[in-house]
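One structure is given here, and the rest of the page talks about it.
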Amino acid sequence: MSVTINVSDDKKNATIKINGRFDFSLHNDFRKSYKDVVLSSGQYSVDLSGTDYLDSSALGMLLLLKEHAESQSSDVMLTGFNDEIREILNIASFDKLFTLG
Amino acid sequence: MLDISPQSQTALVVDDDLTNRLVLRALLKESGYQSIEVENGEQAVQAVEDNPQIDIVLLDVMMPVMDGYQAAKIIKNRSESFIPIIFLTAMTDEASLAKCIAAGGDDFLTKPYNHILLNSKINSMLRIASLYKNIEEQNKSIQNHNLQMLQEMNVTRKLFEKINKKDMRGENTGLKYSMSPMSMFNGDLILAEKNQTSGLDMLIADFTGHGLSAAIGAIPVSDVFHSMTLKCFAFPEMLVEANNKLLDLLPTQMFMAAVLLNVDRSNNVLSVMNAGLPDVYLYRNNEIVHTFKSKNIPLGISKLSSTQFEIEMQPLQYGDRIYVATDGVMEATNHMGDMFGLQRLLAVFEESDHSDLLFDAILNKCADFCEGSEQTDDITLLEFCHKEKISYTDDMAYRNVCREPSDWSMQFDLDIKSLRQFDVLPYIMQAVNNLQPLESGRMHLHTILTEMFANAIDHGLLNLDSSMKASPQGYMDFYREKQHRLETMEEGSIQISLEHRIDHVSGSGGSLTLTVIDSGEGYDYASYETTNKNAYSGRGLKLVSSLCSEMKILGKGNVISARYDWSTVNTD
């Protein structure tokens, strides 16, 4: 399990990559990864290509990231998820809250 | 880290020989330790009891009254923390030294001892003791933590029991559900309340987070649910209210996934709002005939208006069953780490040939699957069976305040704007209820008012064709068309008046006359009635006329007046 973040030089894009299970145990690492990142009208993307499970507390963490992004007039995109994770995102209607790439 | 500098450490010196004691005291003092000296084992035991500051015991073996072996045993048995004991002995044979350790000693040193060696042994023992103390303190705080958690679980369980105070389950109501204690702690909630059509409104919810934090959200949701069901508010209004409460209360990362079910017994229609829970199944004649998928964002995430909730409607037949599970069922995990999953759940539906046993079959299959695993205790499952005959026990019923009958009247004039914007019926019902609670007639009154009002809007104002409602798709189309016409209509109004008169003959009741007038064109009701005796579209008004003592269509067909007689003597 790991969380890594890459911020582009122009401060327009930040990519957070989650490996392994995305659940409550990542709470601190996830929050820490973006806490000090400031984008101006940019986009945070959460790369879920290495994520094999996502639970409801992860959905909650994504909402926190969304709040953080919106305070910087930025949005959040979720990418790279597998079919099972897509199903979870669909059930929670997160396609209405996030851009799914 | 604990302080293990010599100044803060106290050694107990136990020796019957005065010279030995004095030598040791001097030696300890030189190294900076405090010391207490006693002459035999018995005194040593007492000294350890009386002086909690003692960190280490230097113990002679051969002494009068009580020897070192026995003293060591007692001290080790009695002390809760780790006090190292170093035996100081003149004996050098292996058996005696082994006996020192067997009696509870941690080390030994043979006399005459080397001062440097003694010093370093004391130091090393004290270091071990300080490690022990650290671990002990951590253990204590973990224990406290566990205790707190147990207490929290207890409080939460009690809270949820209070919230779930009304148990509507039973053969006679058609409602069955199972909630494991752990699922409750994990934030699962089931609420049920009898609605105005004598059907049930049910809420199955799953909060993110667990324990007390989930209960914080559950309390206002339960309040909103019960009070708004009782006041006859429609589904979307209740959802907006609950959603707003949760938005206010819950931190960003917390929300409530929920399914809201409404069983309308007047029209035999099921409405389902699924916001973030797994599929809801409608089961008929041994197969799943409809699946209600989640189409809404869980509650407590973003601000929504009543029209933004997607609610699905399906006609109900007697014997139909509805199944709702929280993700605890699907995610129940066996010892191999596999989840129960959708396929296994659907297989239970497939294999079942007796619908009465289906509920238990699902629970059993899930329990069997998880056998031997620890995480089996997070399961919430609800079954509702739509029965032809139902009954509720007294404690499931409404409690109305009795009030002396009185004469009164009121009138509501609604223009097209207010008709578009809000549902006036709950307010009227509430007003009537405050003025004159109608004992057993409450449900009837709501049905009468609803049907008359719907008739005035659907047919009087909007000219909609009721026969559209015959098929499930038509049902949806009908409501879509209704919404459309309401929004595009430029003029129109409805007047509702209620007049209540005491029954002077019996003195224990009265009659309520309801009149609804629409601004529509009306219709030739005289000839309509003779040609459409069994018309499907007349169902609403037929219901009204069956519930009322008298019902009249007046004017050009745009006025309906109905009289409802009631009595404080319960005739139900």
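The values are calculated or read from the model by the stated rules, or taken from the named source; none is laboratory data. Because the structure is predicted, anything quoted here is derived from the model rather than measured. Reconstructed Cβ throughout: ideal geometry from the backbone, glycine too, with neighbour counts over all protein chains shown.
To keep it simple, each residue is scored yes or no on (1) outside any loop (DSSP other than H, G, I, E, B); (2) within 20 Å of B:Leu249 (Cα to Cα); (3) within 14 Å of chain A (Cβ to nearest Cβ).
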position: B:Asn134; (1), (2), (3): yes, no, no
position: B:Leu147; (1), (2), (3): yes, no, no
position: B:Gln151; (1), (2), (3): yes, no, no
position: B:Glu161; (1), (2), (3): yes, no, no
position: B:Met168; (1), (2), (3): no, no, no
position: B:Lys176; (1), (2), (3): yes, no, no
position: B:Glu193; (1), (2), (3): yes, no, no
position: B:Leu203; (1), (2), (3): yes, yes, no
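Scanning the stretch B:489-519 for residues that are among the acidic types (Asp, Glu) and touching a Gly at 6+ places or on another chain (Cβ under 8 Å), which turns out surrounded by the fewest Cβ atoms within 10 Å (Cβ to Cβ)?
In this case the residue turns out to be B:Asp503.
For the stretch B:17-123, please list each of the strands (runs of 3 or more DSSP E) lying entirely inside it that holds at least 1 residues being more than 23 Å from B:Asn134 (Cα to Cα) and modelled with pLDDT of 90 or more.
Passing ranges, in order: B:34-38, B:54-60, B:85-89.
What do you reckon, is A:Val37 surrounded by 14 or more Cβ atoms within 10 Å (Cβ to Cβ), part of a loop (DSSP other than H, G, I, E, B), away from chain B (no Cβ under 11 Å) and not acidic (Asp, Glu)?
Against the criterion (surrounded by 14 or more Cβ atoms within 10 Å (Cβ to Cβ), part of a loop (DSSP other than H, G, I, E, B), away from chain B (no Cβ under 11 Å) and not acidic (Asp, Glu)), A:Val37 qualifies.
Quick one: in the stretch A:49-66, of everything that is more than 10 Å from chain B (Cβ to nearest Cβ) and outside any strand (DSSP E or B), which residue is surrounded by the fewest Cβ atoms within 10 Å (Cβ to Cβ)?
Result: A:Ser49.
Based on what the data block shows, is A:Ser93 surrounded by 21 or more Cβ atoms within 10 Å (Cβ to Cβ), free of Cβ contacts under 8 Å to residues at least 60 places away in the same chain, within 22 Å of B:Ala258 (Cβ to Cβ) and within 11 Å of chain B (Cβ to nearest Cβ)?
No, not satisfied.
Among B:Asn262, B:Asn286, which is the only one that is more than 16 Å from the chain's Cα centre (by Cα), surrounded by fewer than 17 Cβ atoms within 10 Å (Cβ to Cβ) and more than 13 Å from chain A (Cβ to nearest Cβ)?
Only one candidate qualifies: B:Asn286.
How many of the residues making up the stretch B:466-506 are small (Gly, Ala, Ser), in contact (Cβ under 8 Å) with a residue 40 or more places away in the chain and not in a strand (DSSP E or B)?
Residues flagged as small (Gly, Ala, Ser), in contact (Cβ under 8 Å) with a residue 40 or more places away in the chain and not in a strand (DSSP E or B) within the stretch B:466-506 amount to 5.
Do we find that B:Pro236 is in contact with a helix residue (DSSP H, G or I) (Cβ under 7 Å, 6 or more places away or on another chain), crowded, with 23+ Cβ neighbours inside 10 Å and either away from chain A (no Cβ under 14 Å) or part of a loop (DSSP other than H, G, I, E, B) (or both) in this structure?
No.
Does the stretch A:4-23 contain any residue that is closer than 26 Å to B:Leu250 by Cβ and exposed (fewer than 15 other Cβ atoms within 10 Å of the Cβ)?
Checking the stretch A:4-23: not a single residue is closer than 26 Å to B:Leu250 by Cβ and exposed (fewer than 15 other Cβ atoms within 10 Å of the Cβ).
Scan the stretch B:523-565 for residues that are part of a loop (DSSP other than H, G, I, E, B) and at pLDDT 65 or above and jot them down.
Passing the criteria: B:Tyr523, B:Asp524, B:Cys548, B:Ser549, B:Gly555, B:Lys556, B:Gly557, B:Asn558.
When you check B:Leu247 against the structure, is it within 14 Å of another protein chain (Cβ to nearest Cβ), modelled with pLDDT of 90 or more and in a helix (DSSP H, G or I), yes or no?
In short, yes.
Within the stretch B:91-106, work out how many residues are under 60 Å from the mean Cα position of the chain (by Cα), crowded, with 16+ Cβ neighbours inside 10 Å and small (Gly, Ala, Ser).
Residues meeting the conditions: 3.
Among the residues of the stretch B:426-464, write down those that are part of a loop (DSSP other than H, G, I, E, B) and at pLDDT 80 or above.
B:Leu462, B:Asn463, B:Leu464, listed by residue number.
Would you check which residues across the stretch A:40-97 are of a type in the set (Val, Ile, Thr) and at pLDDT below 95 and list them?
Selection gives A:Thr51, A:Ile85, A:Ile88, A:Ile91.
Could you list, in sequence order, the residues of the stretch B:194-226 that are farther than 20 Å from B:Phe384 by Cβ and either among the basic types (Lys, Arg) or at pLDDT 80 or above (or both)?
Answer for the stretch B:194-226, where residues must be farther than 20 Å from B:Phe384 by Cβ and either among the basic types (Lys, Arg) or at pLDDT 80 or above (or both): B:Phe207, B:Thr208, B:Gly217, B:Ala218, B:Ile219, B:Pro220, B:Asp223, B:Val224.
I'd like the full set of residues that are part of a helix (DSSP H, G or I), under 17 Å from B:Ser302 (Cβ atoms) and touching a helix residue (DSSP H, G or I) at 6+ places or on another chain (Cβ under 8 Å), limited to the stretch A:67-90.
Correct list: A:His68, A:Leu89.
Please return the ranges of strands (runs of 3 or more DSSP E) entirely within the stretch B:282-334 where 1 or more residues are farther than 19 Å from B:Ser271 by Cα.
B:287-292
What tally of residues in the stretch B:292-309 results from selecting those that are among the β-branched types (Val, Ile, Thr) and within 11 Å of another protein chain (Cβ to nearest Cβ)?
The qualifying residues number 2.
Determine, yes or no, whether B:Val272 is assigned to a strand (DSSP E or B) and closer than 27 Å to B:Ala454 by Cβ.
Considered against the rule, which asks whether it is assigned to a strand (DSSP E or B) and closer than 27 Å to B:Ala454 by Cβ, B:Val272 comes out as yes.
From the list B:Gly341, B:Gly276, B:Gly337, exactly one residue is touching a Pro at 6+ places or on another chain (Cβ under 8 Å), within 12 Å of chain A (Cβ to nearest Cβ) and at positive phi. Which is it?
B:Gly276
In the stretch A:67-90, which residue that is more than 11 Å from chain B (Cβ to nearest Cβ) and within 20 Å of B:Met339 (Cβ to Cβ) is surrounded by the most Cβ atoms within 10 Å (Cβ to Cβ)?
A:Phe81
Output the residues belonging to the stretch A:45-101 that are in contact with a Lys or Arg (Cβ under 7 Å, 6 or more places away or on another chain) and on the phi > 0 side of the Ramachandran plot.
The one that is in contact with a Lys or Arg (Cβ under 7 Å, 6 or more places away or on another chain) and on the phi > 0 side of the Ramachandran plot: A:Ser93.
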